[in-house]
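The values are calculated or read from the model by the stated rules, or taken from the named source; none is laboratory data. This one's a predicted model, so the numbers in the text were calculated from it and none came from an experiment. Cβ atoms come from the backbone with ideal geometry, glycine included; neighbour counts cover every protein chain shown.
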Amino acid sequence: MLTVPSLLLAIALGGALGAPASQSEFDDLSIRTIQFPSYHEEKLPLAVIEGLQFSPALPRPLSSESLNAARASFANISSVTGTSISDEAIEELQGRYGRRLWGPGYMDITADSEVEARSLEERQVTVPNFPTPDPSQHPELTPMLAKVTASEIKGYVTQLSTAYATRYYRSTNARAPALWIQSQFSSWLGSSQTKLAENSFDQPNVIGRIEAKSGDPNAPIVLLGAHLDSTSQTPSTKAPGADDDASGVAVMMAIMRILKGSNYQGTYAIEAHAYAGEEGGLLGSQALAKSYKAAGKNIRGMLDFEMVGWQPNTSTNSGKSSTISILSDPVTAMSTHMTSVVKAYVPTAERRSVACGYGCSDHYSFYNQGYPVVCIASYGPNDSNLNPGYHTTNDTVDKLSFDRSVDFVKAGLAWIVEVAA
Ligand SMILES: [Zn+2]
């Protein structure tokens, strides 16, 4: 028991996670305001947040002894910053990645003084009255589906997970993968339809856009999302994040390339967002969702892709082409509609419904602003079949099954023609 707190201390004070000096807002000792699933808000130094997250998981349930020992291991930081660390913070953050819980599990709301403490379940979200999914109404989809290949997805995942040692939002080269995604979007969509949305750390969000048929720049938006950053136990030096979430970004990129290559335009505009800093508390998507809300942008629906490459053989998917888990929260009507889309268009896939929970990925940022959202993945956070390399340096491209991930491109294209037509 005594060795773990000293490990915590070593991680927290070792400086291994240090941000470049120019990014003072995200230095080790900078204080972040984070909101936990109970909607409790707490101010903590980044070194404490990361020290707790990345240290080995203590035995559960935590005892008052282990809580106090963990707290004591950060005494040097707390005495400098004047912060205290609640039991809840230790419970939620300690060994988080060792416990294989999805996403950061909290929102960093430092930049958002207007986030209300009320429950996210109380958000009023209006879901459009989408037609019942019907492939016979969408012959335009058939030639697009013929362009879906496993090798395209694998190529993007290989680039993102091997050309950059890490994509952690506080790492020194955090900008490079975003610029590569921008270059790809730009080559298909044109530079005027590709934008960077800068963040308060040195990793921008990337936005690619296909205009509505009408050309109306204010047409409601049909939105695809996935996060470009990665993490691991050693995020400053090595975090391949092939499944989490290069796979989701790759699927989104393939969808945009195929839509544009097919000259597809809908009644609504289509945007693809690659988010920065998801693992830091949904940072990039929160900033963008907030700016869209402030600008009065109408989002007809958002489909988020999270970890879609890990596709093992299981007792329930033999004879199926893939496993698609549709997250059942936080907007039931969106999840129900997505389930119908997958059933109608990718009938060979095993369909599953799993709850994800507060702050599990970037769709929560848009939900938090009142937009209708849904997220699909291979497996959810509590599934025994969740990628065992998740949030480790073993989340590598060789472990993934791209012949099965193609189903997510098909499902995404089908969702687009259903909701953007
Ligand atoms: Zn993720």
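Observations
- Which numbered condition residue 121 misses (of (1) assigned to a helix (DSSP H, G or I); (2) modelled with pLDDT of 90 or more; (3) under 23 Å from the mean Cα position of the chain (by Cα)): (2)
- Filtered by the rule that a residue be more than 12 Å from the ligand (Cβ to nearest atom) and outside any loop (DSSP other than H, G, I, E, B), region 346-363 gives 350, 351, 352, 353, 354.
- Count - residues of region 374-390 that are more than 20 Å from residue 158 (Cβ to Cβ) and either in a loop (DSSP other than H, G, I, E, B) or more than 18 Å from the chain's Cα centre (by Cα) (or both): 9
- Selected residue (criterion: surrounded by the fewest Cβ atoms within 10 Å (Cβ to Cβ)) from residues of region 207-229 that are within 16 Å of the ligand (Cβ to nearest atom) and either among the small types (Gly, Ala, Ser) or in a strand (DSSP E or B) (or both): 224
Residues are listed down the side, and each one gets a yes or a no for (1) without any contact (Cβ under 8 Å) to a residue 40 or more places away in the chain; (2) among the hydroxyl-bearing types (Ser, Thr, Tyr):
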position	(1), (2)
172	no, yes
182	yes, no
199	no, no
212	no, no
219	no, no
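- Scanning region 308-341 for residues that are among the polar types (S, T, N, Q) and touching a residue at least 40 places away in the same chain (Cβ under 8 Å) returns 311, 314, 321, 322, 323, 325, 340.
- Neighbours by Cβ (under 6 Å, 6+ apart or cross-chain): first from region 363-380, over 15 Å from residue 301 (Cβ atoms); second part of a strand (DSSP E or B) and charged (D, E, K, R): 377/306
- So residue 18, is it at pLDDT 90 or above and outside the structural domain of residue 393 (by TED's automatic domain parsing): no
- Listed by position, the strands (runs of 3 or more DSSP E) contained in region 236-331 that have at least 3 residues being closer than 22 Å to residue 361 by Cβ and within 16 Å of the ligand (Cβ to nearest atom) are 269-275, 299-306.
- Residue check for residue 166: away from the ligand (no atom under 16 Å from the Cβ) and farther than 30 Å from residue 138 by Cβ: no
- Boolean, residue 264 is more than 21 Å from the chain's Cα centre (by Cα), buried (at least 17 other Cβ atoms within 10 Å of the Cβ) and touching a residue at least 40 places away in the same chain (Cβ under 8 Å): yes
- Residue selected from region 68-112 under the condition away from the ligand (no atom under 16 Å from the Cβ), among the hydroxyl-bearing types (Ser, Thr, Tyr) and in a loop (DSSP other than H, G, I, E, B), by the criterion surrounded by the most Cβ atoms within 10 Å (Cβ to Cβ): 110
- The combined condition, being in contact (Cβ under 8 Å) with a residue 60 or more places away in the chain, assigned by TED's automatic domain parsing to the domain that holds residue 163, out of contact with any helix residue (DSSP H, G or I) (no Cβ under 8 Å at 6 or more places or on another chain) and more than 16 Å from residue 54 (Cβ to Cβ), is not fulfilled by residue 236.
This table checks each residue for (1) under 21 Å from residue 244 (Cβ atoms); (2) in contact (Cβ under 8 Å) with a residue 60 or more places away in the chain.
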residue	(1), (2)
45	no, no
59	no, no
74	no, yes
79	no, no
86	no, no
89	no, no
100	yes, yes
104	yes, yes
